[in-house]
Amino acid sequence: MIPPHISKEKIKSIREENENLSLDYIEKIATPILTELTEWANSTVYSKYNGRITLEIRLQESAEAWAITRPSDPMNPTIRMHVGMLREIYRDAFVFPLISQIIAEDSSTISNFNKIFKNLGYTFKSGVPRIPVSQQTELFKLLKPLYEKNRHEKLTDDMLASRFLMFELMTVWLFCHELGHLIQQHYLLQVIDGDEDISSISEAQDDLALHSKDTDENFFLKSQAREILADLEGVGLAVTYMIGKNLLSMPSIYMLLCAQEIMFQRFAVIYPDNFDIPDLKHPNPIIRSEFVQAYSVHFILDALVQRRHIATKGAMVDGMLYLSKRSSLMAGLFWANRYEVFDENNRPKFLRLSDEKHQESKLKYLKTMAHWIDEQISHIEPNHLMRENFLEYFQGLKLFKQPDSATSD
Ligand SMILES: [Zn+2]
């Protein structure tokens, strides 16, 4: 059933757009990215355990992804993705720069937002940032000649380059989230049927394992905490990927943050307009977003200092906060424009949920998650497949543990 705030007309036209995006094409452009990541995971992690991770890309329409382990053979797991999921990613990346530019040209949203940050050097007026040639992805360089032949006059190089950056980084982060489930060995914390030899974590929201709920009253809280831990592992691994590709600079960081925010907007569709903790395996995506954004700001700033791009964390902290808050704003507006009933009578869902009346219950949810994340880390830490991992660093940040602050600093 389509929730009432989602526009049926908009969904219909998105379905029509899908008809012009063949699954074969999407599979063709996503496969090299995912294959490279799989090879990296094998050489960095699984080869040390004489194991191998398998990537399974299925030509299916539904937008789904899984991390699959057989408990009898845990060092040979599978990451399965439906091309339908990759097509969602591609379509959003395709349209996001265009809608961002319309917002920049037809409204004062961005100029007002930039004023809050005193129009300092890191702010930008256009829909997407300028993307230097050094930040263009391999895929874009490969496909650029095709665009030269027949390009809409409004489609600038920056918009095209950011489209491909976003597609790549969103694909990378999704893969790394699934890899996070596997290298944190979440299957050890799942209850499975006695004679079944399969432990699978699906990103589909309606997939409830009732037998687990019946055996553990905190089943949903623990499962939600593990999703956030997979998100954070995904951030760390995606940043490692970006460093490997020389992409750790402002434009790519912004596109990564936007990609994450749009993914959360997608998952948020089925959640109610409140912060009651639902009986679902995945947390409210706004809670996931709060953790991911707060963690990304710290982690990326520390990575920039470590790589000597900046001298101190303080040198870029306002710039990172700008990118983080702007990505939330633009992803929320993008989603409202594309999918929601959005007019003078209907504010976007992400704005409704940021109303003052929700702040207390949101903070309570964040603190509850912080508690259960700690509880789950105590089981995950001894079993993490990478000796050098993010868990200690994350715990040092103490996110959402301060007595009465929604942010951690
Ligand atoms: Zn997950």
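Side notes on the structure shown:
- Looking only at residues of the stretch 1-24 that are in contact (Cβ under 8 Å) with a residue 60 or more places away in the chain and part of a loop (DSSP other than H, G, I, E, B), we find that the one that is farthest from ASP343 (Cα to Cα) is LEU21.
- Only one of the numbered conditions (1) out of contact with any strand residue (DSSP E or B) (no Cβ under 7 Å at 6 or more places or on another chain); (2) surrounded by fewer than 24 Cβ atoms within 10 Å (Cβ to Cβ) is not met by VAL269, and that is (1).
- Of all residues in the stretch 33-70 being acidic (Asp, Glu) and touching a residue at least 12 places away in the same chain (Cβ under 8 Å), the one that is farthest from the ligand (Cβ to nearest atom): GLU61
- Residue that is farthest from PHE291 (Cα to Cα) [pool: residues in the stretch 200-230 that are among the small types (Gly, Ala, Ser) and at pLDDT 80 or above]: SER200
- Matching residues in the stretch 1-47 - criterion: being closer than 20 Å to ARG58 by Cβ, of a type in the set (Gly, Ala, Ser) and out of contact with any helix residue (DSSP H, G or I) (no Cβ under 8 Å at 6 or more places or on another chain): SER22
- In the stretch 175-199, residue modelled with the lowest pLDDT [restricted to those that are within 14 Å of the ligand (Cβ to nearest atom) and hydrophobic (A, V, I, L, M, F, W, C)]: LEU189
- In a residue-by-residue description of the stretch 115-125, the property of being in a loop (DSSP other than H, G, I, E, B), in contact with an Asp or Glu (Cβ under 8 Å, 6 or more places away or on another chain), of a type in the set (Ser, Thr, Tyr) and more than 16 Å from the ligand (Cβ to nearest atom) applies to at least one position.
Residues are listed down the side, and each one gets a yes or a no for (1) of a type outside the set (Gly, Ala, Ser); (2) buried (at least 19 other Cβ atoms within 10 Å of the Cβ); (3) under 22 Å from ASN18 (Cα atoms):
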position	(1), (2), (3)
GLU61	yes, no, yes
THR78	yes, no, no
VAL83	yes, yes, yes
ALA93	no, yes, yes
GLY121	no, no, no
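- All of (1) touching a strand residue (DSSP E or B) at 6+ places or on another chain (Cβ under 6 Å); (2) within 24 Å of GLN190 (Cβ to Cβ) hold for ASN76 with one exception: (1).
- Candidates ALA268, ALA230, ALA311, ALA315: the one that is among the small types (Gly, Ala, Ser), farther than 23 Å from LEU182 by Cα and within 16 Å of the ligand (Cβ to nearest atom) is ALA268.
The values are calculated or read from the model by the stated rules, or taken from the named source; none is laboratory data. Fair warning: this is a prediction, and the values are worked out from it, not measured in the lab. Cβ sites come from the backbone with ideal geometry, for glycine too, and all protein chains shown count toward neighbours.
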